[in-house]
Amino acid sequence: MPSTVHGCEITGFPLRLRYRTIHNSPRGAHYSRATAGDQLPLPTYATSSPRVLGVAVPTPLRKLFDYRPCHPAPREGWQPGLRVRVPFGRREVVGIVVECRDTSDFELSALKPIGACLDNEPLPADWLWLCHFTARYYQHALGDTLHQALPVLLRQGRPLEARTRERWQLTEAGQNADAALLGRARRQAELLELLRQHPRGVVGSVISAQGFNRTQLKGLADKGLAACQEEPLTGPPPSPGGNLLAEPALVLNREQTGVLAELHQRLDGYHASLLQGVTGSGKTEIYLQLIESVIAKGRQALILVPEIGLTPQTLTRFRQRFRVTVVALHSSLTDAERLDAWEAARSGRAPIVIGTRSAVFTPLAKPGVIVVDEEHDNSFKQQEGLRYHARDLAIVRAHHHDIPILLGSATPSLESLIKARSGHYRHLHLTRRASHHAPARLELADLRGRPTQGGLIPPSIDAISAALAGGGQVLIFINRRGFAPTLACHGCGWLAECRHCDARMTLHRQPSCLICHHCERQERLPELCADCGSADLRPLGTGTERSEETLSALFPKTPIYRIDRDSTRRKDALEHALTEVRRGEPCLLVGTQMLAKGHHLPHVTLVVVVNADAGLYASDFRALEHSGQLLVQVAGRAGRAERPGRVLVQTLHPDDPHLRLLAESGYDALASTLLEERRLAGLPPYRHMALLRFESPQEAEATALASAAATSLRSWLDQRGLDVYCLGPAPAPMERRQNRYHVHLMLSAAKRSALHEASAFLVDWLERSSEARRVRWSIDIDPQTLS
Ligand code: ADP
Ligand code: ZN
Ligand code: ZN
């Protein structure tokens with residue numbers, strides 16, 4: 001990190017922080033507390049044989065626990081970042097040494113000793129730094145932050161070492177040997193041939209999959225014809241020099257050439273760029289070529305993609321292009337595979353690391369560039385526990401490593417857009433699709449007073465027929481899974497509501513039942529209305545299942561693929577459906593936003609958005625931004641290959657000014673308007689926010705705690721003269737969920753440092769408050785949704 005940097009220009013948050021020790025402890029251990037706004041980076045350690053170790057253990061408690069070192073000391077002495085096994089209450093847990101000191105606020109003799117040290121060398125300092133920063137920025141317990149940032153097996157105390165496999169290769173003698181010499185050892189001769197065909201060697205598992213056994217391998221080895229090497233499971237170490245590419249890069253068009261040239265100008269040192277390019281404009285090709293130059297210099301690239309963006313397709317694109325190890329960190333890895341990938345990244349053996357949100361915590365030996373694809377995507381923000389934003393942490397991380405970062409999106413978040421427009425980020429544009437077709441325009445279709453079938457009005461159905469007749473595929477986007485949003489009684493107007501939430505139950509047909517999408521409660525379908533006894537119960541509204549049913553009646557000969565969380569529960573179901581779709585035969589795709597992002601669907605010529613209104617009139621202040629992004633992303637699915645596309649957006653509000661602006665002038669124009677509205681309303685990105693959520697089975701208890709916290713914060717703010725608004729307490733938009741009442745307190749400040757001071761005060765106050773033990777509370781810095 002450059003020594004001149006004392007604060008992060010990106011977040012305005014001081015990067016240097018200090019611990020404050022607090023004198024009290026329920027358990028007889030000592031603890032220190034991190035306080036935002038203070039100065040000082042990493043913990044200092046005067047000696048490598050300290051008398052006290054401050055250890056972060058996996059608890060929600062925001063403090064360190066003091067222990068006495070055990071004997072013998074680790075080889076290189078005690079250092080922050082060593083994993084240790086420690087007694088904690090009645091359990092033994094794996095913690096991480098954070099501070100090495102000679103003093104404690106407690107009698108040294110009263111401290112328990114460390115059980116065992118698990119590592120020979122500490123976890124990487126950069127990784128520790130990022131966890132420290134994350135814990136302080138998001139006001140989260142350091143112990144839990146470190147815990148979450150580690151692969152499961154390391155949390156459990158497994159050693160950090162690569163699992164290995166054998167790779168067999170012919171020796172020089174083997175390369176020149178005549179198979180006939182092997183005489184009657186026919187299988188050995190065949191094995192010799194197999195190895196001869198693969199000069200780079202064949203791994204043991206592949207050899208046994210071909211029906212060879214160890215005796216045959218040993219036979220060749222004993223004759224000096226073949227030899228084996230151990231290599232990590234994630235592949236051989238990168239060979240210096242040589243061709244990095246397995247297939248040639250594409251020849252860039254003029255726009256792409258300009259963008260790449262700009263990025264190449266600043267490959268050294270921190271620099272943030274926002275690449276705004278319409279879907280299909282070749283952003284990924286830019287990433288690939290940028291990464292190529294970075295790994296050519298012997299450095300590593302970290303690529304973050306949204307949760308549903310890490311498709312086998314994306315991975316294939318990287319693996320086909322590069323001859324180097326590409327490790328992927330995603331949810332379907334086993335714990336062992338995840339540890340392998342982590343180790344490959346940490347040791348530098350994997351030049352390319354691709355992953356979803358949590359991959360931002362992957363340590364890198366030689367970081368060279370970070371790419372965040374679809375940077376606006378909501379899945380980068382963790383919505384529970386440690387509520388971090390991977391994009392924001394990626395920027396902080398790039399700054400810390402002093403390397404470039406590239407954010408890419410067709411529809412950048414307002415946060416990133418304002419930084420690019422104000423010159424904090426370099427703003428790069430790709431306006432044309434690689435296929436030369438302009439992206440499809442949104443056409444608004446008036447839903448008012450029109451009959452619908454499966455949610456579709458007659459002009460939409462006609463357009464679908466025409467598109468199918470023209471040999472195209474059609475995507476019907478509907479943001480409700482299930483059969484219908486709810487069940488209604490036509491006798492009395494009763495609606496199926498969840499008994500535990502302020503929400504309607506969704507009607508499902510496969511299998512038939514009512515499900516609450518907020519608490520997962522399931523109920524049998526009632527035969528009669530619970531209020532009036534009428535049997536006239538009917539589905540209200542349209543979900544994906546109903547749309548699928550209607551469409552299969554309307555177009556009986558056309559295959560239909562439904563893609564939503566229910567239909568893709570089975571592993572590979574999504575990829576299987578998409579493989580069918582990519583074959584290009586006319587078909588109908590009915591899906592939720594799972595379909596809107598990331599997937600290339602080159603044969604889609606028509607997109608129908610069944611209802612655009614839900615997002616337009618939601619109470620959340622980001623709802624318009626998100627629905628604008630979603631509409632543009634869905635529209636981006638149409639006409640990606642040689643066919644131009646059409647996008648029909650059904651709405652009850654065809655005159656809505658935001659929707660019209662988006663349809664007529666595009667995302668940039670909508671974004672400008674939304675930014676101006678946010679500025680006037682004092683909302684992010686112009687002001688910074690923190691949201692405190694309180695929940696309890698007793699509404700009064702949640703409200704009382706929130707009120708007391710607010711009162712004490714307000715008087716503290718007055719004393720300090722800090723410019724922070726404290727709004728609330730107010731009931732959450734959905735007040736009752738899972739039979740618990742949710743109450744919010746909102747902080748807002750023009751300066752990030754003020755917001756953090758106020759948040760730290762509140763967290764501190766709540767941790768000390770005795771009422772807070774009965775009410776669950778959490779803090780969300782930079783909340784993405786107010787629900
Ligand atoms: P984005 O990431 O912006 O959606 P991609 O990089 O996936 O765009 O490019 C969209 C399609 O265009 C891909 O099929 C890609 O192979 C192709 N493509 C991108 N750049 C070029 C180029 N310079 N020449 C030819 N085809 C290209
Ligand atoms: Zn009724
Ligand atoms: Zn519910």
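Bear in mind these aren't lab numbers, they're just calculated from the coordinates by the rules spelled out. What you see is a predicted model; the values in this text were computed from it and never measured. Using ideal geometry, Cβ is built from the backbone for each residue, glycine included, and neighbour counts are taken over all protein chains shown.
When only Cα pairs under 8 Å and 6 or more residues apart are kept, what is the percent relative contact order across segment 254-430? Present the calculation step by step, with values, prior to reporting the outcome.
Numbers: 313 pairs, mean separation 66.0, N = 177.
Contact order relative to length: 37 percent.
Find the centroid of the Cα atoms in segment 300-331 and in segment 722-787, then give the distance between the two in whole Å.
A separation of 37 Å, based on Cα centres.
Spin-label point model (7 Å from Cα, Cβ direction): what's the residue 222 to residue 531 distance in nm?
Taking the two extended label points, one gets 8.6 nm.
Applying a 10 Å radius around every beta-carbon, put 494-504, 221-231, 140-150 in order of their mean neighbour count, most first.
Final packing ranking: 140-150, 494-504, 221-231.
Place a +1 charge on the Cβ of each Lys and Arg in segment 688-781 and a -1 charge on the Cβ of each Asp and Glu, then give the dipole magnitude about the Cα centre in debye, rounded to the nearest 20. Intermediate values should be presented prior to the final figure.
Numbers: 12 positive and 11 negative charges, 34 e Å.
With Lys and Arg at +1 and Asp and Glu at -1, about 160 debye.
Go through 268-275, 247-254 and give me the packing order, highest mean Cβ count within 10 Å leading.
268-275, 247-254
On the principal axes of its Cα set, how long, how wide and how thick is segment 694-771? Give whole Å, largest value first.
Ordered largest first, segment 694-771 gives principal extents of 38, 26, 15 Å.
Using the eigenvalues of the Cα gyration tensor, what equivalent ellipsoid semi-axes result for the chain when each is taken as the square root of five times the eigenvalue, whole Å, largest first?
44, 41, 27
What percent of all Cα-Cα pairs in segment 164-232 falls in each 10 Å bin, counting up from 0?
Final binned percentages: 22, 61, 16, 1.
How long is the gain from residue 214 to residue 453 if the chain were fully straight, where each residue apart is worth 0.36 nm and the alpha carbon distance is subtracted?
Working: separation 239, 0.36 × 239 = 86.04 nm, distance 6.47 nm.
Result for the pair: 79.6 nm of gain on full extension.
Sequence gap at least 6, Cα distance under 8 Å: using those rules, report the relative contact order of segment 152-259 to the nearest whole percent.
Relative contact order for segment 152-259 comes out at 38 percent.
Sorted by average packing, counted as other Cβ atoms within 10 angstrom per residue and highest first, what order do 764-777, 54-67 take?
Listed from highest to lowest mean packing, they are 54-67, 764-777.
Quick one: if you stick a label point 7 Å off each Cα along the C-beta vector at residue 307 and residue 734, how many nm between them?
Here the modelled spin labels are 1.4 nm apart.
Can you give the Kirkwood hydrodynamic radius for segment 301-401, in Å, rounded to one decimal and based on Cα pairs?
13.7 Å
Of 537, 594, 228, whose Cα points farthest to the positive end of the dipole of the chain (charges on the beta-carbon: +1 Lys, Arg; -1 Asp, Glu; origin at the Cα centre)?
Final value for the positive-end residue is 228.
Using only the Cα atoms of segment 254-430, what are the Rg and Dmax in Å?
Every Cα atom of segment 254-430 included, Rg and Dmax give 15.0, 45 Å.
Placing unit charges on C-beta atoms (Lys and Arg positive, Asp and Glu negative, everything else neutral), compute the dipole magnitude of segment 92-212 about its Cα centre in debye, rounded to 20.
It comes to approximately 780 debye.
Once Lys and Arg get +1 and Asp and Glu get -1 on their Cβ, which of 741, 494, 96 lies farthest toward the positive end of the dipole of the chain?
Of the candidates, 96 comes out farthest on the positive side.
What is the chain's relative contact order, in percent, from Cα pairs under 8 angstrom and six or more apart in sequence?
So the answer I get is 11 percent.
Which one, 138, 756, 606, projects farthest toward the positive side of the charge dipole computed for the chain from Cβ point charges (K/R +1, D/E -1)?
138
So in segment 254-430, what percent of DSSP beta bridges are antiparallel if you round to the nearest 5?
Roughly 5 percent of the DSSP beta bridges within segment 254-430 come out antiparallel.
In square nanometres and to one decimal, what's the mean projected area of the convex hull around the Cα atoms of segment 72-150?
6.0 nm²
Which FRET efficiency value, to the nearest 0.05, is calculated for residue 618 and residue 424 with the Förster distance at 35 angstrom and r the Cβ-Cβ distance?
The pair residue 618/residue 424 has a calculated efficiency of 0.75.
About the Cα centre, and with charges only on the beta carbon of Lys, Arg (+1) and Asp, Glu (-1), how big is the dipole of segment 164-232? Nearest 20 debye, please.
200 debye
Calculate how many DSSP beta bridges within the chain are antiparallel, expressed in % of all such bridges and rounded to the nearest 5.
On the way: 70 of 122 bridges.
Bridges in the chain that DSSP calls antiparallel: roughly 55 percent.
Sum -39500 (n - 2.57) across every DSSP H segment of at least 4 residues in the chain, then divide by the residue count to get the 222 nm mean residue ellipticity, nearest 500. Write down the numbers at each step before the final one.
Values: 22 runs with 238 residues, N = 787.
Result for the chain, helices only: -9000 deg cm²/dmol.
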